[in-house]
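*Asks:* The following block contains the structure, expressed as structure tokens.
The values are calculated or read from the model by the stated rules, or taken from the named source; none is laboratory data. Just so it is clear, the model here is predicted, and its values are computed rather than measured. Neighbour counts run over all protein chains shown; Cβ positions are idealised from the backbone, glycine included.
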Amino acid sequence: DLYRLQKGKYYWKVNVTDDTLLNNESETREFYINGTLVIVTEVNATEITISSAIINWTTNILANSSVNYGQTESLGNIVSDVNLIVKHNISLTGLLENTLYYYNVTSCSSENVCATNGTFNFTTLALLNQAPVIELVEFANAGGVLGSVRDVSINFSATDLNGFTDLD
């Protein structure tokens, strides 16, 4: 399991045997690990509202936090936190309601060893059960009196969030 290797120099070679038991071995090669690998797990979006969400994840070592997000898989908006932690959460704000967003997360250690996980997605909530917008157009005294009640005329328009004006 290469993820558990510590910083240092390592050697490897490939040994292959075919069905006829012929064997061949590569030359020995080396590679370096300059720092402990960052492993990103448990990525999720929580507390999703009409205009915000919190992106959470965990790293195996202390690392910074960065979320790259957007309305397409090309992403393009980045929110970061330079603090080195293992339980990460980044708030995304100013989002559009009822909109699909894509995101990935990146964390880098103090040794500048980085890991990115994703692309994931979430959808912001839609506005539901909102009262229609009422605009007072005219308030007028119609001039008549019926018994002790004055005749008054009120004209207004109402529009729901979808632009419908024929409301009951």
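*Asks:* Which of the following residues is surrounded by 15 or more Cβ atoms within 10 Å (Cβ to Cβ) and in contact (Cβ under 8 Å) with a residue 60 or more places away in the chain: 54, 48?
*Replies:* On the way: 54 fails: in contact (Cβ under 8 Å) with a residue 60 or more places away in the chain.
After ruling out the rest, the residue left standing is 48.
*Asks:* If you check residue 84 against the conditions, is it at pLDDT 95 or above and under 26 Å from residue 128 (Cβ atoms)? Quick ask: steps written out before the conclusion?
*Replies:* Details: at pLDDT 95 or above: yes; under 26 Å from residue 128 (Cβ atoms): no.
For residue 84, the condition - at pLDDT 95 or above and under 26 Å from residue 128 (Cβ atoms) - is not met.
*Asks:* Which one of these is within 18 Å of residue 119 (Cα to Cα) and part of a loop (DSSP other than H, G, I, E, B): 106, 49, 72, 59?
*Replies:* 72
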